[in-house]
Amino acid sequence: MAEDYGYKLEPVLATRVASEDIDKTFRSGCIDLISGTLGGKVLAFSDEWFADAANLLTPTPPIRQPGKMVYTGAWYDGWETRRHNQEPFDWVVIRLGVASGTVEGIEVDTAFFSGNHAPAISVEGCFSSDDDEVLSWKGQKGGWEPILSIQECGPSQRFGWKLDSPTSKQYTHVRLNMYPDGGIARFRLFGHAVPVFPQDTEAIFDLAAAQNGAVAISCSDQHFGTNHNLILPGRGKDMGDGWETARSRTKGHVDWAIIRLGAPALIQSFVVDTAYFRGNFPQKAKLDAIEWKGEGEPGADVQGWTEVLEASKCGPDQEHTFGCLVKDKPFTHVKLTIIPDGGVKRLRVLGKRSV
C-alpha cells in the first residue's frame with residue numbers, strides 16, 4: 001500500500017484491534033502518551049483548514065453538532081484538511097506529554113467524518129531534544145522512523161492497532177500522517193512513560209504521576225469520570241476531569257481504584273484532592289499498598305494489601321494531605337478506597353524510590 005501513496009515506510013507488524021476492544025486492550029496497562037491533559041502538544045501541521053489539529057489530543061470522545069456552521073463550513077470536532085492535497089500526505093507533529101515513552105498501540109478515531117474521512121494513516125516517531133530540528137523535517141523523511149506502517153481507515157469509526165512487538169526505543173515526538181488528506185477526530189498513542197527520575201535517591205516526588213510512569217490499572221466503577229484522571233498533572237479545570245463513581249444505595253458500599261506506581265517506592269505521604277467536587281466528594285478515603293511480585297496486576301481482594309492510611313474524613317473542593325503509616329517498606333501499587341462513593345480529582349503518592 002505504501003507505493004500507492006508515494007511514501008515508502010519499512011513494514012511494522014501490527015494486529016488490528018476491534019473498536020469495542022480498544023479500551024480494554026490498552027487502558028488497563030498503558031497511558032495515552034500524547035493526551036492534551038497530560039501535556040501532549042501539537043507543534044506543527046501541514047494544514048488545518050476545516051478543523052484544528054489540536055482537537056486530536058482532546059481526551060474526551062468526539063461530539064457532533066449538526067447544523068453548526070463556521071467560516072470554513074460545517075463544524076467538526078477533529079482535524080480536517082483541505083481537499084486535493086498534492087503531497088503524499090497531510091501531517092501533524094506532536095510532542096509527547098511525558099519526557100519520553102515507548103509505544104504499544106495506536107488508535108485513530110474518524111467519528112462523524114464520513115465522505116471527508118482519512119482513507120489511510122501511518123505514524124512515525126523520533127527521539128530529540130530539539131523541537132526546531134524536528135519541525136524542519138516537515139513532511140519529509142528527516143529523522144523519522146516508522147512506528148505504524150500505512151493502514152487503511154474508513155468513515156466514522158474507531159481504528160486500533162496493537163504492535164506485535166512494542167517499541168524498545170523511546171520517543172519524544174510523533175508524526176501522524178494522513179493519506180492524502182481528510183479528517184480524523186482523535187489520535188491516541190498508547191504506551192509507557194520513560195521518566196527522568198531524580199539522581200538523588202532520597203528525593204521525594206510523586207510516584208503516582210503519569211509523567212513518572214504510573215498507570216491506573218483498575219477500579220470498581222467510573223460512571224461519571226475515569227480512574228485515569230487520578231494520575232494527571234495539575235488540579236484540572238472542572239469536575240469532569242476527575243474520577244467519579246455512581247451513587248451507591250447499598251449499605252456498606254465502597255468504591256476503589258488501583259494505581260501501579262512508576263517505580264517501587266518508600267511512601268512518605270499522600271494527597272487526596274477533591275477539587276471541584278463540592279456536593280459529591282467522598283465522606284472518607286483510605287489507602288492500602290502492596291509490593292506485588294505476582295503475574296499480571298493485583299486485584300482489589302488479593303492477599304498482601306497493607307493499610308497505609310486509615311479511613312479519614314474528606315471535605316469538598318480541597319487537597320487533603322495524609323502521612324503514610326508504613327514508611328520503611330517498599331510498595332509497587334496503591335489502592336484508593338472512597339467511602340461510600342463520590343469523586344476525587346487527583347491522587348498523589350509522595351515517596352522516594354526504593355533502590
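Derivation of every value follows stated rules applied to the coordinates shown; laboratory data play no part. All values reported here derive from a predicted model rather than from experimental measurement. No Cβ is skipped: glycine too gets one built from the backbone with ideal geometry, and neighbour counts run over all protein chains shown.
Here are a few things to note about the model shown:
- Using the Cβ-Cβ distance between A300 and S168 with R0 set to 51 Å, the FRET efficiency works out to roughly 0.95.
- Spatial separation of Cα centroids for the range 233-291 and the range 48-66, in angstrom: 29
- Net dipole in debye of the chain [+1 Lys, Arg Cβ; -1 Asp, Glu Cβ; about Cα centre; nearest 20]: 960
- Comparing the range 153-295 with the 2.2 N^0.38 Å rule of thumb, its C-alpha radius of gyration ratio is 1.29 (two decimals).
- Directionally averaged projected area (convex hull, Cα atoms, the chain), nm²: 19.2
- Using the alpha carbons alone, the radius of gyration of the range 20-89 stands to its Kirkwood radius in an Rg to Rh ratio of 1.03.
- Peptide packing: for 335-341, 289-295, the average count of neighbouring Cβ atoms within 10 Å per residue gives the ranking 335-341, 289-295, highest mean first.
- Separation of alpha-carbon centers, the range 87-108 and the range 183-199, rounded to whole Å: 8
- Normalised by the number of residues in the range 205-353, the average gap of Cα pairs under 8 Å and 6 or more apart makes the relative contact order 37 percent.
- Under-17-angstrom lysine pairs by C-alpha in the range 2-193, whenever the two are 8 or more apart or on separate chains: 4
- Taking 0.36 nm per residue of sequence separation and removing the Cα-Cα distance, the K293/K24 pair yields an extension gain of 94.6 nm.
- Counting only residues at least eight positions apart within a chain, or on another chain, the lysines with an alpha carbon under 24 Å from that of K327 are K284, K286, K293, K313, K335, K352.
- Since only F187, H117, N177 are under comparison, the one whose Cα sits farthest along the positive direction of the charge dipole of the range 67-192, derived from C-beta charges on Lys, Arg, Asp and Glu, is H117.
- Applying Stokes-Einstein at 37 °C and 0.692 mPa s to the Kirkwood radius of the range 2-193, computed over alpha-carbon pairs, gives a translational diffusion coefficient of 200 µm² s⁻¹.
- Relative exposure of M178, M239, judged by other C-beta atoms within 10 Å (fewest first): M239, M178
- Per-residue packing, averaged as other Cβ atoms within 10 Å, sorts the ranges 138-145, 42-49 into the order 42-49, 138-145, beginning with the highest.
- Dipole of the range 146-244 [Lys/Arg +1, Asp/Glu -1 at C-beta], most positive-end residue of P166, F197, G240: P166
- Ranking T337, G279, Q303 by Cα position along the charge dipole of the range 205-353, where only Lys, Arg, Asp and Glu carry charges on their C-beta atoms, puts G279 farthest toward the positive end.
- Helix-only [θ]222 nm of the chain, DSSP H runs n ≥ 4, -39500 (n - 2.57) each, per residue, nearest 500: -1000 deg cm²/dmol
- Counting all C-alpha pairs of the range 215-355, share separated by more than 26 Å (%): 16
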